[in-house]
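*Asks:* The structure is given below, and queries will be raised subsequently.
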Amino acid sequence: MEFDHSLLTKAVHAGTEPEPITGAIMTPIFQTSTYVQKSPGEHKGFEYSRADNPTRKALEEALAILEGGRWGLSFSSGLAAEQAVIQILNPGSRVLVCDDVYGGTGRLFRTLFARYGFDFRFVDMRDFSRVESCLSSDTAMIWVESPSNPMMKVIDIRKMSEYAKSVGAILVVDNTFCSPIFQNPLELGADIVIHSATKYLGGHSDLIGGAVMLTDPELYEKLKYVQFAGGAVPGPFECFMLLRSIKTLAVRMRQHEENAMKLAQLLRDHPRVSRVFYPGLPEHPDYHLAQKQMRGFSGMMSFELKDGWDGVLKFLKRLNIFALAESLGGVESLVNHPERMTHASVPVEMRKTLGITPGLLRLSVGIEYIEDLAADLQSALDYL
Ligand SMILES: *Cc1c(COP(=O)(O)O)cnc(C)c1O
């Protein structure tokens, strides 16, 4: 897959213009709640910071540019962005959700929104016949996460877009794992892209944020209204942090991927590892689809230790650089135990079906020197 070098320039300049009064090259943090009006209704486009704020506006422009959308909307967290997207639907709507979604997404749907009568159907979207059997004229939305978390399944976004169009449903893609650098779902037929900006967009494990990108004017109006009326907006400081982070997004993603590819090979070849889930390995079942719809394989992978839970405990004790923590997408390498950490809220039966076993670990590969990362994994594996 060819890296799109124009993204290096795009990421640095997206959304940022020199500030007109002083020429400041960086968008200032407009830490204000309100804006003075000359006479009632006479203002410069800003009235109240829940509705709009200049720092947020710059961020939202950058977000739109990165995903090739017409508009970007930012939220106080990834889940706040997801809530806003569900809130454009009528209560009781049916939503088809890929079965292997981020734990918090499943929890939001199963516990919070199910109480409002929404009908969420979780389905393995790699199995088209299952999707077809769940699809009906009252399907209002199809919710895809690709690659999925933590099993790294790749879902055919173009195909899901055909299904969505055939029943008049809205196609949403959670693009957190790829970031806009490696995948642009709007180009593949998605109506709405969402991101947990906490992850790769933020990239430094120091903020919580969410983003929505889209091109359809009607959907934009609805979402903008939920953002304004619901109020789950990020503060100007978080917006500034994200604007700053986005400048290095393309450089970071390239390094995340380069490191991840080497570690996936190391894990695959180690006798204490039973399975590796990384779409960049040719033996991954979705390798060809991944090559078609993604421009890079990103820095996320999972693998299973032969020694199960006992092996996990020993392995984790030996790691020096990889830190045991939830979250992902930061410059530092993290390891996570999905069964007991990020995916503990997934019903037990579903966890079993998905393959989230006691021996499964997920890596968020950082941008450290690859030889250091490889040595860290190697010594912990050799200890088993
Ligand atoms: C973290 C994450 C979310 C939720 O985002 P928050 O910023 O934690 O609210 C949603 N989807 C994916 C894929 C994630 O990794």
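*Asks:* Considering only the range 63-78, state which residues are in contact with a strand residue (DSSP E or B) (Cβ under 7 Å, 6 or more places away or on another chain) and outside any loop (DSSP other than H, G, I, E, B).
*Replies:* 63, 64, 67, 71, 72, 73, 74, 75, 78, listed by residue number.
*Asks:* Filter the range 79-110 down to the residues that are under 13 Å from the mean Cα position of the chain (by Cα) and part of a loop (DSSP other than H, G, I, E, B) and list them by number.
*Replies:* The answer is 101, 102.
*Asks:* Moving on to the next point. Taking the condition of being under 12 Å from the mean Cα position of the chain (by Cα), open to solvent by 10 Å² or more (accessible area, probe 1.4 Å) and of a type outside the set (Gly, Ala, Ser), how many residues in the range 185-207 meet it?
*Replies:* Within the range 185-207, residues that are under 12 Å from the mean Cα position of the chain (by Cα), open to solvent by 10 Å² or more (accessible area, probe 1.4 Å) and of a type outside the set (Gly, Ala, Ser) number 2.
*Asks:* Can you report the number of residues in the range 114-126 which are open to solvent by 10 Å² or more (accessible area, probe 1.4 Å) and within 22 Å of the chain's Cα centre (by Cα)? It would help to see each step written out before you state the result.
*Replies:* Going through the range 114-126, the residues open to solvent by 10 Å² or more (accessible area, probe 1.4 Å) turn out to be 114-122, 124, 126.
Okay, now just the ones that are also within 22 Å of the chain's Cα centre (by Cα), so 120-122, 124, 126.
So the count comes out to 5.
*Asks:* For the range 190-204, how many residues meet the condition of being assigned to a strand (DSSP E or B) and either more than 11 Å from the ligand (Cβ to nearest atom) or not aliphatic (A, V, I, L, M) (or both)?
*Replies:* Total satisfying the criteria: 4.
*Asks:* Let me confirm something: among 242, 207, which residue is assigned to a loop (DSSP other than H, G, I, E, B), under 19 Å from residue 175 (Cβ atoms) and within 15 Å of the ligand (Cβ to nearest atom)?
*Replies:* Testing whether each residue is assigned to a loop (DSSP other than H, G, I, E, B), under 19 Å from residue 175 (Cβ atoms) and within 15 Å of the ligand (Cβ to nearest atom) leaves just 207.
*Asks:* In addition: Hey, could you check the range 142-176 for residues that are open to solvent by 10 Å² or more (accessible area, probe 1.4 Å) and closer than 13 Å to residue 290 by Cα and say which is nearest to the chain's Cα centre (by Cα)?
*Replies:* Of everything passing the filter in the range 142-176, 153 is nearest to the chain's Cα centre (by Cα).
*Asks:* Is there a residue in the range 290-299 that is more than 22 Å from residue 203 (Cα to Cα), in contact (Cβ under 8 Å) with a residue 12 or more places away in the chain and open to solvent by 10 Å² or more (accessible area, probe 1.4 Å)?
*Replies:* Checked against the condition, which is being more than 22 Å from residue 203 (Cα to Cα), in contact (Cβ under 8 Å) with a residue 12 or more places away in the chain and open to solvent by 10 Å² or more (accessible area, probe 1.4 Å), the range 290-299 yields at least one hit.
*Asks:* Continuing with the same structure: Restricting attention to the range 55-101, which residues are away from the ligand (no atom under 15 Å from the Cβ), farther than 22 Å from residue 249 by Cα and out of contact with any Lys or Arg (no Cβ under 8 Å at 6 or more places or on another chain)?
*Replies:* Matches in the range 55-101: 87, 89, 90, 91, 92, 93.
*Asks:* If you don't mind, another one. Here is a list of conditions, (1) part of a helix (DSSP H, G or I); (2) of a type in the set (Gly, Ala, Ser); (3) surrounded by 22 or more Cβ atoms within 10 Å (Cβ to Cβ), and residue 129 meets all of them except one; can you say which number that is?
*Replies:* (3) is the only condition that residue 129 fails.
*Asks:* Please go through the range 368-384 and give me each residue that is part of a loop (DSSP other than H, G, I, E, B) and charged (D, E, K, R), ordered by number. Lay out the reasoning, then the answer.
*Replies:* Just the residues of the range 368-384 that are part of a loop (DSSP other than H, G, I, E, B), to begin with: 368-369, 383-384.
368 - this is the single residue of the range 368-384 that is part of a loop (DSSP other than H, G, I, E, B) and charged (D, E, K, R).
*Asks:* May I ask you to say which residue of 48, 35 is more than 27 Å from residue 219 (Cβ to Cβ) and either open to solvent by 30 Å² or more (accessible area, probe 1.4 Å) or of a type in the set (S, T, N, Q) (or both)?
*Replies:* Being more than 27 Å from residue 219 (Cβ to Cβ) and either open to solvent by 30 Å² or more (accessible area, probe 1.4 Å) or of a type in the set (S, T, N, Q) (or both) holds for just one of 48, 35, which is 35.
*Asks:* Another question, if that's okay. What are the residues in the range 320-345 that are assigned to a loop (DSSP other than H, G, I, E, B), in contact (Cβ under 8 Å) with a residue 24 or more places away in the chain and not small (Gly, Ala, Ser), if any?
*Replies:* 320, 321, 322, 328, 331, 332, 337, 338, 342, 343
*Asks:* I need the full set of residues from the range 268-289 which are in contact with a Leu (Cβ under 7 Å, 6 or more places away or on another chain) and either crowded, with 24+ Cβ neighbours inside 10 Å or part of a loop (DSSP other than H, G, I, E, B) (or both), in order please.
*Replies:* Passing the criteria: 270, 272.
*Asks:* Just give me the residues in the range 304-330 being crowded, with 17+ Cβ neighbours inside 10 Å, under 21 Å from residue 195 (Cβ atoms) and of a type in the set (A, V, I, L, M), in sequence order.
*Replies:* Listed by number, the list holds a single entry, 328.
*Asks:* Looking only at the range 147-164, decide whether some residue is within 11 Å of the ligand (Cβ to nearest atom) and modelled with pLDDT of 95 or more.
*Replies:* The answer is yes, given that some residue of the range 147-164 is within 11 Å of the ligand (Cβ to nearest atom) and modelled with pLDDT of 95 or more.
*Asks:* If you don't mind, there's one more thing I want to ask. Hey, does the range 213-229 have a residue that's of a type in the set (Gly, Ala, Ser), open to solvent by 10 Å² or more (accessible area, probe 1.4 Å) and assigned to a loop (DSSP other than H, G, I, E, B)?
*Replies:* no
*Asks:* Another one. Residues to consider are 113, 46, 120; find the one that is assigned to a helix (DSSP H, G or I) and either within 16 Å of the ligand (Cβ to nearest atom) or in the same structural domain as residue 242 (by TED's automatic domain parsing) (or both).
*Replies:* Only one candidate passes the filter, namely 113.
The values are calculated or read from the model by the stated rules, or taken from the named source; none is laboratory data. Small disclaimer: the values here were computed from a predicted structure and weren't measured. Note: ideal-geometry Cβ built from the backbone for every residue, glycine included; neighbour counts use all protein chains shown. Calculation scope for accessible area: heavy atoms of the full protein, side chains included, ligands and nucleic acids excluded. Shrake-Rupley method; radii C 1.70, N 1.55, O 1.52, S 1.80 Å.
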